[in-house]
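The values are calculated or read from the model by the stated rules, or taken from the named source; none is laboratory data. Here the structure is a predicted model, which is why all the values come from computation and not from measurement. Neighbour counts run over all protein chains shown; Cβ positions are idealised from the backbone, glycine included. We work out accessible area using only protein heavy atoms, side chains counted, and drop any ligands, DNA or RNA first. Shrake-Rupley method; radii C 1.70, N 1.55, O 1.52, S 1.80 Å.
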Amino acid sequence: MTGASPIYSWNFGDGSSASGGSTTHAFATAGGFQVTLTVTNGCTPITISKTIPVGFGFHVYNPLINQFP
């Protein structure tokens with residue numbers, strides 16, 4: 001990417017969102033959640049999504065460890 005600094009926008013599929021190149025998120029309920037990352041730098045945004053399974057109990061999703069394919 002060239003030009004403006006990239007802006008990272010996360011949507012965790014459960015009504016929560018975050019910004020920044022690195023983030024974590026704790027899901028309150030079990031289920032399948034579509035996690036979406038959109039990166040923009042002044043040009044056309046790039047969006048990638050992945051549905052992740054969340055089991056019962058506490059689950060923390062760290063996108064840098066649980067990377068998108």
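List of remarks:
- Of residues in the stretch 29-69 being open to solvent by less than 70 Å² (accessible area, probe 1.4 Å) and out of contact with any strand residue (DSSP E or B) (no Cβ under 9 Å at 6 or more places or on another chain), the one modelled with the lowest pLDDT: Gly57
- Count - residues of the stretch 7-28 that are within 15 Å of Thr51 (Cβ to Cβ) and either polar (S, T, N, Q) or open to solvent by less than 50 Å² (accessible area, probe 1.4 Å) (or both): 6
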